[in-house]
Amino acid sequence: MTVTGPTSASEENRVSYLDHAATTPVLPEVLAAMTEQLGRVGNASSLHASGRAARRAAEQSRERLAEAVGARPSEVLFTGGGTESDNLAVKGLFWARRQADSRRRRIVVSPAEHHAVLDSVEWLAKHDGAEITWLPVESTGRVLPHALAEALGDGEDVALASVMWANNEIGTVSDIPALAAVAREVGVPLHTDAVQAVGQVPVDFEASGVDALTMTGHKLGGPMGAGVLLLRRDAECTPLLHGGGQERDVRSGTLDVAAIVGLAVATVAAVGSREERAARLAGLRDRLVEGVVEQVPDAQLNGAPLGDRVDGGPGRLPGNAHLSFPGAEGDALLMLLDARGIECSTGSACSAGVARPSHVLLATGADADRARSSLRFSLGHTSTGADVDAVLDVIAPVVERARRAGLGRR
Amino acid sequence: MRVLAAMSGGVDSAVAAALAVDAGHDVTGVHLALSQNRQTLRSGSRGCCSVEDSHDARRVADELGIPFYVWDLADRFTEDVVDDFVAEYAAGRTPNPCLRCNEKIKFTAVLDRALGLGFDAVVTGHHARLDGTELRRSVDAAKDQSYVLGVLTPEQLAAAMFPLGGMTKDRVREIAAERGFGVAAKPDSHDICFIPDGDTRGFLSRRLGSQPGPVVDAATGRQVGEHDGTYGFTVGQRRGLGIAAGDQRPRYVLGIEPVTRTVTVGTADLAGVPAVRTGAPTWTGRAPQLPFAAQVQVRAHGAPVACRVRPDDGGGLLVEFADQQRGVAPGQSAVFYEPDPDRGDRVLGQAAVTAAVEREAGVRR
Ligand SMILES: Cc1ncc(COP(=O)(O)O)c(C=O)c1O
């Protein structure tokens, strides 16, 4: 995306936004639909005409969204975002499954999950008697079906398994339908965090066989603070939020109708244009990675190879370029690029702004230096060839400068 | 110029960054995360670089519209400042960790990285004047921090900016309030940032353990008490000696001998020293011709006294005070000033005290 706006350090005003995995620009049609809905009064739980109109808007959105991702409308639970959906799935499934059978205390999970899953699992282990079984991941970050089968065993003591559909840092896609089949075999529910996958790779809830699936609005052109947990009708899930009994009694709270409308419009648009956009972004991304490696020959691509395939679709998110620059600090690179109008990310979650080596890269077996020297460029619906050119124009001197700067280490 | 503003989350560095922006510089803010286990919230005026402090700094940076980053220098700070602090006390000396932090962290680790990244200067909220590359006291004598900057070299000063030296602390708070900074009324930080409860003795005893030894009266040579570790004492200290000397006259710590773990105390008439020896000096500008007359300050908040500075063996200095000085502890920096009532006393340089000198020459204690 080329937008004008204030940039601190550079004389020019052009900003290349290459951080779509963090959040995407809102689609114009989403903005229009939400603005229209925000102008209307009505609580979707009210019985009068205004309430009915709000409910109609929410339910229509539920149906459209469900259709776009291969779910039934009754399987769509609206939440306050991806983090809430992950918490609800992990904790809710754990509590309900253990309630039904007290032997089920084990959670089988990949170490490369988003913190919304990881920290929920770790919280349950610390406070609620859960036992964690970490799944081995390949050097690409992928979880393989046989590894899941081995970890599940006969499944009798397992509360749930959780494996993300696509990784938010390095973009690796796992074969979720194959993993779901393995879990189903031993009667264990599988949750998948598909926040980064929907609209990027083919996602069909019903066909995938998973029991619960997390989505969020702001990674596909929709609003922030709006998410979905797709939950199979037969999956028992203990609520986190109690109250008015909305959303199948699993998630109470007055529906945010405008956000729901926006989320549905965004999902339908993102899924509808997926194939065309994925091809375009993969082309740009390949040019970006190849161009960077040409200029910085020792740069290393993290995650799956560019042309990788899984389950008939891309094995790597089409907009994801995650690279390590040995000898340079990720946060120095980030700062130098920011000063030149290029917005990207080190990809790893940071604790209060202090960069920590990415747990995802460490899980793939990378050493701490490789993890610390990484950058994530993530392309999305507004990305253009000019954004790629902007990176290629500056990457060599930026890497050289960052290497010379070295962060307070001897 | 491209300048890097070190932003602690306090009012001084916030205003310093704002003034750098006003001056037309291209400013980037950084908060230095120095603590190994950062607290979420700060507690009163103690401690530093909690997550809350970094948010305060970020809030100001966002208002100024400047980029903001957190640099994790906790490992280096631990090594160069905290471990050094403990080792100095263990060796019977009294270090100044703020001076060490300026020397090793702010104006070495941070400055080197900033220059490497293409910045031209580092701006901080220190209360000191920088006249070209001449370092001088702040106009606010009570808040002056030139002492803890006395260790900087000409090269470091050439890449430093201290925009607050020409104004009082009250004025700094006023500017912050005028700009609507939430930190305008934030309390000043006190004490040593890595000892948030202010209990230095407790901190050292956790690190060094109990190392009991005798407290000896200098006049009689007799043991008058026991202690748990020489690190609990500083030369010149009067309170908390835990001794029974027999008479009513106060005793002062005269010397600390870490090997025999002996703390020597004596009455006021013995506590003053006419001169000290130092290690090799550092100068803020061209090295002055020795000997020279100047003022010297031996503590961050001590009063300056007239002195004569002569060369000593081994590259060190002999600093002769015009009046005897009490409480000059080895390890402290003697910072030399050239008095200048108009432009502010100029900092010439500093040297670490190694030993006190007896009245009739000859090193004692
Ligand atoms: C994989 C993944 N899961 C969960 C989340 C959290 O979603 P949200 O920001 O909507 O809470 C994100 C995004 O930050 C993500 O990338």
First check a/c for the range A:201-273, with a ≥ b ≥ c the square roots of the eigenvalues of its C-alpha gyration tensor; if it is under 1.5, answer rounded, and if not, answer prolate when a/b is larger than b/c or oblate otherwise.
oblate
Can you tell me the convex hull volume per residue for the range A:28-271, based on C-alpha atoms, in Å³ to the nearest whole number?
107
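Would you mind working out the magnitude of the charge dipole of the protein assembly as shown relative to its Cα centre, with +1 at each Lys and Arg C-beta and -1 at each Asp and Glu C-beta, to the nearest 20 Debye?
Numbers: 81 positive and 98 negative charges, 323 e Å.
Result for the protein assembly as shown is approximately 1540 debye, rounded to the nearest 20.
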For B:GLN324, list long-range residues whose amide hydrogen, built 1.01 Å from N in the peptide plane, is under 5 Å from its own amide hydrogen.
none
Projected onto the charge dipole of chain A (unit charges on the beta-carbon of Lys, Arg, Asp and Glu, signs +1, +1, -1, -1), the Cα from A:ALA44, A:ALA269, A:GLY81 with the largest positive-side position is that of A:ALA44
Sort all Cα-Cα distances of the range B:272-356 into consecutive 5 angstrom bins from zero, then give the percent of pairs in each bin up to the one containing the longest distance.
3, 16, 30, 29, 15, 6, 1, 0
Find which of B:ALA176, A:LEU124, A:MET34 sits farthest along the positive direction of the dipole of the protein assembly as shown, computed with +1 on the beta-carbon of Lys and Arg, -1 on that of Asp and Glu, about the Cα centre.
B:ALA176
Can you compute 3J(HN,Hα) from phi for each residue in the range A:93-99, using the Karplus curve 6.51 cos²θ - 1.76 cosθ + 1.60 with θ = phi - 60°, rounded to whole Hz and x for Gly and Pro?
5, 4, 4, 5, 5, 6, 4
Computed from every Cα-Cα pair in the range B:2-178, P(r) in 10 Å bins starting at 0 and rounded to whole percents is 10, 37, 40, 12, 1
Please state, as a whole number in µm²/s, the translational diffusion coefficient that the Stokes-Einstein equation yields for the range B:210-270 at 4 °C and 1.567 mPa s, with Rh defined as the Kirkwood radius across alpha carbon pairs.
116
What Kirkwood Rh does the protein assembly as shown have if only Cα atoms enter the pairwise 1/r average? Answer in Å.
29.9
Where nothing but the Cβ of Lys and Arg (+1) and of Asp and Glu (-1) is charged, how large is the charge dipole of the range B:2-178 around its Cα centre, in debye to the nearest 20?
280
GluC sites (Glu not before Pro) within the range A:214-301, DSSP loop, no more than 16 other Cβ atoms inside 10 Å:
A:GLU236
Size of charge dipole - chain B - debye, nearest 20, with Cβ of Lys, Arg +1 and Asp, Glu -1, no other charges
640
By average Cβ neighbour count within 10 Å, what is the ranking of A:377-387, B:26-36, A:39-49 from highest down?
B:26-36, A:377-387, A:39-49
Residues meeting the amide H criterion for A:SER16 (H placed from the backbone, H to H distance under 5 Å, 5 or more places apart or on another chain) are A:ILE342, A:GLU343
Rg/Rg_globular for the range B:77-130, with Rg_globular taken as 2.2 N^0.38 Å and Rg from C-alpha atoms:
1.34
Residues whose built amide H sits under 5 Å from the amide H of B:LEU164, excluding neighbours closer than 5 in sequence, are B:ALA128
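On average over all directions, what projected area in square nanometres does chain A have, based on the convex hull of its Cα atoms?
Seen from a random direction, the Cα hull of chain A projects 20.1 nm² on average.
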Per residue of the range A:195-205, what does 6.51 cos²θ - 1.76 cosθ + 1.60 with θ = phi - 60° give for ³J(HN,Hα)? Whole Hz please, x for Gly and Pro, Karplus curve as stated.
3, 8, 8, 4, x, 10, 10, x, 10, 10, 4
Under Karplus coefficients 6.51, -1.76 and 1.60, residue-wise ³J(HN,Hα) of the range B:123-129 in Hz, glycine/proline x
10, 10, x, 5, 8, 6, 9
Lys/Arg +1, Asp/Glu -1 at C-beta; the protein assembly as shown dipole; positive extreme among B:VAL70, B:ALA128, A:CYS344:
B:ALA128
I'd like the per residue volume of the convex hull spanned by the Cα atoms of the range A:246-374, given in cubic angstrom.
194
Using a 1.4 Å probe on the protein heavy atoms, what percent of the accessible area of the range A:281-410 belongs to carbon and sulfur?
50
Listed by chain and number, the lysines with an alpha carbon less than 20 angstrom from that of A:LYS91, same-chain partners under 8 positions apart left out, are A:LYS126
Ellipsoid semi-axes in whole angstrom, largest first, where each is sqrt(5λ) of the Cα gyration tensor of chain B:
37, 24, 17
Largest first and rounded to whole Å, the semi-axes √(5λ) derived from the alpha carbon gyration tensor of the range A:265-313 read 27, 13, 9
Sorted from largest down, what three extents in whole angstroms do the Cα atoms of the range A:168-218 have along their principal axes?
34, 20, 16
Mind pulling the angle between the C-alpha long axis of helix A:115-127 and the longest principal axis of chain A? Nearest 10 degrees, somewhere in 0 to 90.
60
Considering only protein heavy atoms, what per residue accessible area in square angstrom results for the range A:307-410 with a 1.4 angstrom probe?
34
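The values are calculated or read from the model by the stated rules, or taken from the named source; none is laboratory data. Since we're looking at a predicted model, the values are computed, not measured. Counting neighbours? That spans all protein chains shown, and the Cβs are built from the backbone with ideal geometry, glycine included. Protein only, heavy atoms only, side chains kept; ligands, DNA and RNA dropped before computing areas. Shrake-Rupley method; radii C 1.70, N 1.55, O 1.52, S 1.80 Å.
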